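Notes to accompany the following structure.
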Amino acid sequence: MVNAEAAQFGFRSRFPGLSPEVTAFAPGRVNLVGEHVDYNDGLVLPMAIQLGTTVVAARLEQWVVRASSARVDSQIEFRVDPGGRVMGVTPDLGWGRYVAGVWTELAREGIEVGGAAFYVDGDLPVAAGLSSSASLCAALSVALVELCGGAMDARAMAHLCRRVERDYAGVPCGIMDPFAVLMSRAGHALMLDCRDETIEQVPIPQSLELFVLDSGVARALADGRYALRRRECEAALERIRGIRPEIRSFRDVSPDNLAEIVRHLPDPLDRRARHVVTEMARTREAADALSRGDLGRFGGLLDESHASLRDDFEVSLPAIDQLVREVRGVASVLGARLTGAGFGGCILAAGLAGCAERVRAALEADDHDRPRQQSRMFVVVPSSGVV
Ligand code: GLA
């Protein structure tokens with residue numbers, strides 16, 4: 001977490017003459033298991049982590065929004081009006097699309113938002129599968145709501161963040177990330193049922209060490225590969241419904257009748273369907289394994305999830321498979337897998353306390369031609385969401 005005073009200092013230096021009125025923090029998240037199932041009515045098991053986004057904000061007299069970031073050089077500026085409209089937003093607004101989106105969507109919810117200045121700082125790797133965008137949206141939303149003296153329910157805010165991602169950043173994502181960022185509890189993973197949006201807090205045993213390694217391959221979800229996987233799932237489901245009209249979503253397909261159903265699908269739709277159905281079962285089992293303290297089985301499920309993401313859902317990359325193999329090869333690692341949407345980003349690994357240090361030592365001893373950033377790794381602590 002970026003120190004609040006440091007962020008306020010950054011605000012003052014970017015906006016001389018203005019005093020910070022509000023400082024808000026939202027964490028990032030790591031998904032333990034349940035990948036690419038949130039938009040399929042599935043079960044997911046993410047947790048908020050200790051890294052995240054800090055937003056410092058103050059009101060402006062003029063109807064203008066200015067945003068500046070510690071991590072990007074450009075300053076964003078656009079005009080707004082009391083009708084809730086944003087003017088002068090162009091596609092090249094970059095990360096400012098999130099600022100404009102949050103501002104507009106809050107205005108639509110009746111939160112009286114005027115002009116404002118924002119300073120954004122954070123310690124979450126960007127485009128690494130740790131939900132830097134949901135973290136940004138949530139921190140901006142909390143800051144703006146507080147700035148206006150308003151109030152907003154966490155679920156409504158989660159849906160707002162998702163709309164911003166979908167309608168302003170162009171990623172047709174599910175609800176997992178904003179729910180995790182907003183509703184996680186320290187020491188727990190958040191089991192979210194994406195069909196009815198019920199949540200269950202699953203305690204994470206203290207003896208379990210979870211750590212993340214950045215592959216160094218940055219991924220961009222807006223480049224269409226995420227949307228393509230979503231369309232493939234829809235196409236597979238449509239065919240399944242042609243044969244079994246009672247099936248409304250993949251949630252209605254049990255692992256027992258999976259083989260019978262997927263044999264009617266052409267490749268790769270059969271493999272996409274298999275990933276989704278087996279991943280939902282893995283998520284449920286992983287939550288049970290954590291509750292029972294069966295860490296060996298939990299690790300095994302991470303490995304199985306990776307194999308499924310690699311072979312059936314095809315969202316891994318050779319560099320990531322290699323990293324998973326190397327980490328998995330270190331004694332005391334219980335399991336490892338790609339985490340997040342894939343096509344780059346981070347892997348998540350699990351072991352008993354002290355395991356991360358052994359992995360670090362093993363990777364350093366065996367440093368071949370690995371680019372420096374590929375060995376960026378850190379232990380993730382199950383942290384509290386915003387609310
Ligand atoms: C991204 C999306 C999520 C989810 C994951 C894959 O993080 O934002 O909604 O679909 O990918 O599990």
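Values computed for the structure shown
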read-out: Rg/Rg_ref, the range 1-99, where Rg_ref = 2.2 N^0.38 Å and atoms are Cα; value: 1.35
read-out: Theoretical FRET efficiency, 1/(1+(r/R0)^6), r = Cβ-Cβ of Arg231 and Ser19, R0 45 Å, to 0.05; value: 0.40
read-out: Hz values of 3J(HN,Hα) by residue in the range 235-249 - Karplus curve (6.51, -1.76, 1.60), Gly and Pro given as x; value: 5, 5, 5, 4, 5, 4, 5, x, 9, 10, x, 6, 7, 8, 8
read-out: Rg(Cα)/(2.2 N^0.38 Å) for the range 257-387, N = residue count; value: 1.16
read-out: q = 0.13 Å⁻¹, the chain: log10 I(q)/I(0) [Debye, one scatterer per Cα]; value: -1.05
read-out: Angstrom value of the Kirkwood radius, inverse mean 1/r, which spans all Cα pairs in the range 296-358; value: 11.5 Å
read-out: Net length gained if the chain between Leu60 and Asp196 were fully extended (0.36 nm per residue, minus Cα distance); value: 45.0 nm
read-out: The range 76-181: radius of gyration over Cα atoms, expressed as a fraction of 2.2 N^0.38 Å; value: 1.00
read-out: Spherically averaged projected area in nm², based on the convex hull that wraps the Cα atoms of the range 213-294; value: 7.6 nm²
read-out: Taking the chain and dividing mean pair separation by its residue count, relative contact order in percent (alpha carbons under 8 Å, at least six apart); value: 22 percent
read-out: Net lengthening on full extension, Glu112/Asp267 (0.36 nm per residue, minus Cα-Cα); value: 50.7 nm
read-out: Local net charge near Arg71, Cβ-Cβ under 13 Å (Lys/Arg +1, Asp/Glu -1); value: -2
read-out: Inverse of mean 1/r across different Cα pairs in the range 190-330, Kirkwood, Å; value: 16.9 Å
read-out: Those Cys residues of the chain for which no other cysteine Cβ falls under 4.7 Å; value: Cys148, Cys173, Cys194, Cys233, Cys346, Cys355
read-out: Per-q log10 I(q)/I(0), the range 103-253, q = 0.15, 0.16, 0.19, 0.20 Å⁻¹ (Debye; single scatterer per alpha-carbon; no solvent); value: -1.01, -1.11, -1.33, -1.38
read-out: Cβ crowding within 10 Å averaged over residues, with 126-139, 352-365 ranked highest first; value: 126-139, 352-365
read-out: Share, in percent, of DSSP beta bridges within the range 60-136 that are antiparallel, nearest 5; value: 60 percent
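Read the figures in this text as sums done on the coordinates, not as results from a lab. This structure is a prediction, so every number in the text was calculated from the model and none was measured. All Cβ positions, glycine included, derive from the backbone under ideal geometry; neighbour counts span all protein chains shown.
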